[in-house]
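J.: Take a look at the following structure, please.
The values are calculated or read from the model by the stated rules, or taken from the named source; none is laboratory data. All values reported here derive from a predicted model rather than from experimental measurement. Every residue, glycine as well, gets a Cβ built from its backbone with ideal geometry; the counts of neighbours run over all protein chains shown. Side chains are part of the model used for accessible areas, which takes the heavy atoms of the whole protein and leaves out ligands, DNA and RNA. Shrake-Rupley method; radii C 1.70, N 1.55, O 1.52, S 1.80 Å.
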Amino acid sequence: MQISLRDRFTGSILGVALGDAYGAPYEGGPLERLLWRSLGLFKPGTIRYTDDASMTLTLIRSLIEDQGVHQDMLALRWAAAARWSRGYGPSALRTLKRIRRGADWRQANIHDYKDGSFGNGAAMRVAPIGLLFHHALERCDEAAEQTAVITHAHPLAIEGAKLIARATAHASDNTPPVAIVDALQSAASAEPYIERLAIARQMLDEPVDLPAVRQQLGRSIVAAESVVTAIWLACSHMESTFEQLLQTAHAIGGDVDTIAAMAGGIWGARRGRASLSSNLLERLEDCEAFEHAAENLVALHLQFLESD
Ligand code: F2R
Ligand code: MG
Ligand code: MG
């Protein structure tokens with residue numbers, strides 16, 4: 001069956017939002033979950049998205065408004081949109097608050113950690129870049145880096161973002177799962193990613209063993225310990241339903257919303273919107289806003305193709 005570009009873009013962005021919103025109540029340990037539940041932010045019947053999808057939506061709107069990546073504008077927009085109640089990473093939220101108070105992002109992003117954050121915040125929001133530049137992988141890398149560095153200056157965070165952007169780009173081109181991991185192995189340059197991608201590639205040929213996934217690929221809040229997990233999750237579930245992918249993300253545990261968001265963006269880019277669960281989409285907070293943003297991203301992509 002032919003899947004249109006519109007279906008792939010909306011499938012990917014809604015995949016990010018659904019993965020994030022479904023996974024949010026399961027993120028972290030029992031105490032962390034209890035705290036967030038007790039704040040009453042998860043209403044029965046709806047699924048509420050967090051920082052992952054919020055930053056993705058702001059990134060798309062910024063790409064449309066600025067006709068591409070404009071780092072200074074994007075920094076201001078991310079800073080203006082940041083709300084603690086969306087569950088941001090602690091350093092990322094402080095960085096965004098500093099920018100909101102007038103700091104230059106080039107200083108704010110190295111205030112807490114001198115080499116910058118290596119959290120997974122740069123990779124969790126990068127799917128739109130993979131979609132927009134899926135026809136030009138070098139531009140995809142460059143744009144992924146430009147968006148990452150605003151809050152995550154550490155090379156491991158930047159490489160994680162590039163890998164998720166490329167995985168989304170390959171998936172939107174209908175590249176088969178094994179070929180996606182092969183291509184990422186050739187593109188990776190940092191040791192933790194090279195090692196984990198080799199393991200993930202091997203795992204695609206074997207029956208699923210979740211303890212091995214947790215131990216060897218990781219599931220934590222830092223990029224080197226969740227990016228390849230998400231890539232494996234998407235690639236190993238490419239022929240499964242989206243609900244099965246979410247169930248496996250839940251079973252892996254740890255940074256569930258973020259691993260499911262990154263995997264959801266890759267999965268949705270290949271399988272398209274029609275393959276997502278309509279039951280989940282009906283309950284997704286701001287579903288129409290994500291869909292509308294993804295449609296605008298298709299128009300920008302076509303405009304870029306024409307001008308190339
Ligand atoms: N913040 C959360 N979860 C808290 C509970 C939220 C609740 N369940 C809900 O759903 O609403 N999740 C979000 O944070 C992650 C993305 O984090 P990001 O943007 O990378 O943040 P940060 O603060 O930059 O980094 C995260 C942690 O990584 C460690 N770290 C990073 N760089 C480091 C460095 N150079 N040296 C040492 N440690 C470093 C720190 O522990 C940071 O706090 C996503 O899961 C998102 O969902
Ligand atoms: Mg989150
Ligand atoms: Mg998370």
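J.: Going through the range 54-117, which trypsin sites (Lys or Arg not before Pro) have at most 16 other Cβ atoms within 10 Å and a DSSP loop state?
T.: Loop-located and lightly packed - 83, 101, 114.
J.: Also: Output ³J(HN,Hα) for the range 3-12: one whole-Hz value per residue in order, computed from phi by the Karplus curve 6.51 cos²θ - 1.76 cosθ + 1.60 with θ = phi - 60°, and x for Gly and Pro.
T.: 10, 6, 4, 4, 5, 6, 5, 5, x, 5
J.: Taking amide H positions as placed in the peptide plane 1.01 Å from N, state which residues far from residue 284 in sequence (5 or more) or on other chains have amide H under 5 Å from it.
T.: Here 47 satisfy the definition.
J.: While we're looking at this one, here's another question. Of the heavy-atom accessible surface of the range 229-308 (probe 1.4 angstrom), what whole percent is carbon and sulfur?
T.: 45 percent
J.: How much length is gained if the chain between residue 295 and residue 189 is pulled fully straight, taking 0.36 nm per residue apart and subtracting their Cα-Cα distance, in nm to one decimal?
T.: 34.9 nm
J.: Starting from 0.36 nm per residue, how many nanometres of slack lie between residue 204 and residue 72 once their C-alpha separation is accounted for?
T.: 43.5 nm
J.: Okay, next question. Please give the length that would be gained between residue 212 and residue 115 if that part of the chain were fully extended, namely 0.36 nm times their separation in residues minus their C-alpha to C-alpha distance (nm, one decimal).
T.: 31.9 nm
J.: Would you kindly state the longest site-free stretch of the chain, with sites defined as chymotrypsin sites (Phe, Trp or Tyr not before Pro) in a DSSP loop (not H, G, I, E, B) surrounded by at most 16 other Cβ atoms within 10 Å?
T.: Answer from the scan: 114-308.
J.: Please state the charge dipole magnitude for the chain, taken about the Cα centre, from unit charges on C-beta atoms (+1 on K and R, -1 on D and E), reported in debye and rounded to the nearest 20.
T.: The dipole of the chain has a size of about 920 debye.
J.: Also: Considering the options 2, 215, 49, tell which one lies farthest towards the positive end of the dipole of the chain, charges being +1 on Lys and Arg and -1 on Asp and Glu at the Cβ, about the Cα centre.
T.: Of the options given, the answer is 49.
J.: Can you find, among 158, 290, 187, the residue sitting farthest towards the positive end of the charge dipole of the range 158-297, where Lys and Arg contribute +1 and Asp and Glu -1 at Cβ?
T.: Looking along the dipole axis, the top candidate is 187.
J.: Moving on. On the accessible surface of the range 114-160, probed at 1.4 Å, how many percent belong to carbon and sulfur atoms? Don't skip to the end; give the middle numbers.
T.: Numbers: 760 of 1390 Å².
Carbon plus sulfur share of accessible area: 55 percent.
J.: Another question about this same structure. Quick one: what are the phi-derived ³J(HN,Hα) couplings along the range 259-274, Karplus 6.51/-1.76/1.60 with θ = phi - 60°, whole Hz, x for glycine and proline?
T.: Couplings: 5, 5, 5, 5, 5, x, x, 6, 4, x, 5, 8, 8, x, 4, 4 Hz.
J.: Something else: Determine the per residue accessible area of the chain with all protein chains present and a 1.4 angstrom probe, expressed in square angstrom.
T.: 41 Å²
J.: For the chain, rounded, prolate or oblate, judged on the Cα gyration tensor with a ≥ b ≥ c (square roots of eigenvalues), a/c < 1.5 rounded, else prolate if a/b > b/c?
T.: Details: a/c = 1.17, a/b = 1.07, b/c = 1.09.
Judged from the Cα gyration tensor, the chain comes out rounded (a/c under 1.5).
J.: On to the next question. Report in % the part of the accessible area of the range 1-93 that belongs to carbon and sulfur, leaving out ligands and nucleic acids; probe 1.4 Å.
T.: For the range 1-93, the apolar C and S fraction of the accessible surface comes to 58 percent.
J.: Could you tell me the distance between the Cα centroids of the range 52-123 and the range 231-284, to the nearest Å?
T.: Result: 25 Å between the Cα centres.
J.: Moving to a separate point now. Amide H of residue 119: which non-local residues (sequence gap of 5 or more, or other chain) have their own amide H closer than 5 Å, using H built in the peptide plane?
T.: Amide H to amide H, under 5 Å and 5 or more residues apart or across chains, residue 119 pairs with 223.
J.: Next question. What range in the chain is the longest one free of GluC sites (Glu not before Pro) that are in a loop by DSSP and have at most 14 other Cβ atoms within 10 angstrom?
T.: Segment 1-238 is the longest.
J.: Once phi is turned into ³J(HN,Hα) by the Karplus curve 6.51 cos²θ - 1.76 cosθ + 1.60 with θ = phi - 60°, what whole-Hz value does each residue of the range 212-229 show in order, with x for glycine and proline?
T.: Once rounded to whole Hz, the list reads 5, 4, 4, 6, 8, 9, x, 7, 9, 6, 9, 4, 5, 10, 8, 4, 6, 4.
J.: Separate question: Which FRET efficiency value, to the nearest 0.05, do you get for residue 46 and residue 80 by plugging their Cβ-Cβ distance into 1/(1 + (r/R0)^6) with R0 = 41 Å?
T.: For R0 = 41 Å, the calculated efficiency reads 0.95.
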